[in-house]
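Colleague: Here it is, the structure in full.
Bear in mind that the values in this text are calculations on the coordinates, not laboratory data. Remember, it's a predicted structure, so these values are computed and weren't measured experimentally. Here Cβ is always computed from backbone atoms with ideal geometry, including for glycine, and neighbour counts include all displayed protein chains.
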Amino acid sequence: MPPAASSGSDGRDGFRGSASDISREAADRTTHRSLARRLEGINIYLVGMMGAGKSAVGRPLAAALGYRFLDADTTIEQVAGQPIPAIFEQEGEAGFRALETAVLDRIASWHSLVVATGGGAVTRPENWGHLHQGVVVWLDAADAVLLQRLSADPTPRPLMAGPDPHGRLLELLEQRRPLYAQADLHIVQGSGTPEQVALQVLDGLPSILKERQAGPSEPLTLINADGAITPSLN
């Protein structure tokens, strides 16, 4: 059985404040539960850079679908019995990534979860075998927005340590954007709240389910900050 859904630190992933239920006037709960039935329990994996808001968006998204929320990094810490910076210090990034893969393998055997993955989970090809068992959603944001969120977040991030965090962020973004683009759904965030971004994800999921029925040749679906849904050719 999956561990209890973590309340976590809302600051970890870039947003502050409570992850309240999606407002009634913004969406109909009945519609969301109908969508959950169409999903048939398959997991939803949120990918994206640190600071993209995966944990903050994941909580209201899970609540709307009647799913459980799981933070993969928190689960890794529970398995290792120590915080992620300590894992990096003792085992290096390679050791951390191996543990991350083992945790994602275990998570893939569970169902009805919204999973916030670590920013670098996409860098291991074997992880995609686990992620694509569910629906993969890329939460994207401008690098200036990511840097602002990370600067306001006291959570230690080993890969951002150094004298030039902005330069390091741009370097990681350049490496990872082609990997994030393997996601099923691409959400380009504007100034919306976590609840509003969760609604964008909910709006995009029906098209993903339709594309899966049509076959694997369909393009990734892009939802812009204004909510417009368009095909993306990566």
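Colleague: Once you put a point 7 Å from the Cα of Val79 and another 7 Å from the Cα of Asp203, both along the Cβ direction, what distance in nm separates them?
Modeller: In this crude spin-label approximation the distance works out to 3.6 nm.
Colleague: Moving to a separate point now. Once R0 is set to 35 Å, what does the formula 1/(1 + (r/R0)^6) return for the Cβ-Cβ distance between His166 and Arg212, expressed as a FRET efficiency to the nearest 0.05? Before the final figure, lay out each step's value.
Modeller: Numbers: r = 38 Å, r/R0 = 1.09.
Efficiency at R0 = 35 Å is approximately 0.40.
Colleague: Along the Cα-to-Cβ line of Ala142, 7 Å from the Cα, sits a label point; which residues in region 174-198 have backbone N less than 16 Å from it?
Modeller: Those under the cut-off are 188-193.
Colleague: Let me ask something else. Fewest to most neighbouring Cβ within 10 Å: what's the order for Thr117, Thr123?
Modeller: Values: Thr117 25, Thr123 15.
So the residues, fewest neighbours to most, are Thr123, Thr117.
Colleague: Once you place label points 7 Å from the Cα toward the Cβ at Glu174 and Ser191, how far apart are they in nm?
Modeller: For the pair Glu174/Ser191, the computed spacing is 3.1 nm.
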